[in-house]
Structures are given as C-alpha cells and as structure tokens.
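Below: one structure, written as structure tokens.
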Amino acid sequence: MFHFASRPRATILSAAGAAVITGLAAATLIGTPAPAAAPDSGHSGKKVLESPDAPAAIGPYSQGIAAGSTVYVSGQLPIDAEVGKIDHGHTIAEQTALSVQNVEAVLREAKLALDDVVSATVYLADMDDFAEFNKVYAEYFGTDAAPARATVEVAELPLGAKVEISAIAVR
C-alpha cells in the first residue's frame with residue numbers, strides 16, 4: 001500500500017532519473033516487479049574531454065563529455081589554466097571572459113566552437129554584476145542566435161569566483 005506524505009516535497013531529477021523512478025513507481029503500483037537495470041557493457045559511447053588550455057577539474061568530474069552529437073561542458077570558473085588560480089582582483093568582465101575562454105578550450109577538444117553552444121547555465125555570485133556580465137557574454141556569443149540560457153545568483157562559488165559557466169553544444 002502506498003502512503004503519500006502530507007506535504008509535497010520538491011525533488012529535482014534528470015529526465016532519465018524521472019523515467020526510472022516513474023517506471024519503478026508504476027511497477028510497484030501494478031504489483032509487478034520493476035524492470036532490471038540494463039547491464040553495463042563498458043561502452044557507453046561517451047568520451048572524456050580534457051584540454052590543457054582549460055583549468056584541470058578541481059573535483060571528481062570531467063572538463064567535458066562528448067556523447068554522440070552532444071558535448072557537455074562542466075562549469076568553468078575564471079581560473080587561469082597556466083597558473084591554476086583565480087585572480088580575485090579581476091572584474092566581473094575579466095572573470096566572465098576567462099570563464100568563456102575556458103568553455104571554448106574544452107569545446108575545441110571536441111572540434112566545436114562557441115557557435116555550436118545551444119544552452120548555457122550561468123552562476124553569478126552577485127546579480128548586481130548581471131549587466132556587466134551580459135556585455136562580455138554577448139561579445140562571445142552574439143545576440144542574434146545566442147544560446148538558450150539560465151542565469152542565477154548563488155550564495156557562493158568555488159574558489160571565491162564571481163562567475164561560473166557551463167554549456168551544452170551540438171554538432
């Protein structure tokens with residue numbers, strides 16, 4: 001028997017995660033066993049992207065992943081790849097330019113460019129920087145066919161950065 005909580009709770013899932021949970025819930029409701037997970041063949045079709053021109057990952061993640069015709073670029077901080085640090089004296093404009101250049105470096109590993117970006121997610125440490133950020137972002141991505149984008153303010157970014165940008169590109 002299913003018991004639902006008296007208060008709804010928000011949950012964020014990927015589309016694949018939602019499909020699996022939906023499938024499990026439907027199987028449980030019908031009383032049939034949930035489908036077994038597909039065995040991992042070890043050949044997922046994904047390729048790890050690593051660029052010497054972008055900062056090394058600072059955790060257990062890849063700079064980027066190519067899967068089929070899609071490339072996913074992890075959030076890029078304004079880290080100077082040569083020194084491995086953020087210059088905290090840089091303005092939001094300078095940090096934005098460096099973050100975009102780091103995205104671009106990862107895309108180059110997949111033989112793609114900023115024109116191939118279809119979606120970007122931007123995290124700002126201070127939404128008061130939005131106008132200045134937007135000016136620099138537009139210099140790189142243009143305005144006519146700019147990628148779809150979400151921009152949010154966050155309480156804090158890794159290493160004290162002012163901006164972080166992730167992207168999805170397609171061939």
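The values are calculated or read from the model by the stated rules, or taken from the named source; none is laboratory data. Here the structure is a predicted model, which means the values were calculated and not measured. A quick note on method: Cβ atoms are made from the backbone with ideal geometry, for glycine too, and the neighbour counts reach across all protein chains shown.
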May I ask you to list the residues in the stretch 118-141 that are part of a helix (DSSP H, G or I) and among the polar types (S, T, N, Q)? N134
Which residue, of D87, D116, is in contact with a helix residue (DSSP H, G or I) (Cβ under 8 Å, 6 or more places away or on another chain), closer than 21 Å to A161 by Cα and either modelled with pLDDT of 95 or more or acidic (D, E) (or both)? D87
Check whether at least one residue in the stretch 119-132 is within 15 Å of V71 (Cβ to Cβ), surrounded by fewer than 16 Cβ atoms within 10 Å (Cβ to Cβ) and either of a type outside the set (V, I, T) or at pLDDT below 95 (or both), and report yes or no. yes
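If you check A148, A125, which single one turns out to be farther than 26 Å from I58 by Cα and free of Cβ contacts under 8 Å to residues at least 40 places away in the same chain? Break it down into steps so the answer makes sense when it comes.
On the way: A125 fails: farther than 26 Å from I58 by Cα.
Selected residue: A148, the only one of A148, A125 that is farther than 26 Å from I58 by Cα and free of Cβ contacts under 8 Å to residues at least 40 places away in the same chain.
Can we say A138 is over 16 Å from the mean Cα position of the chain (by Cα), at pLDDT below 95 and over 15 Å from P55 (Cβ atoms)?
Values: over 16 Å from the mean Cα position of the chain (by Cα): yes; at pLDDT below 95: no; over 15 Å from P55 (Cβ atoms): yes.
No, not satisfied.
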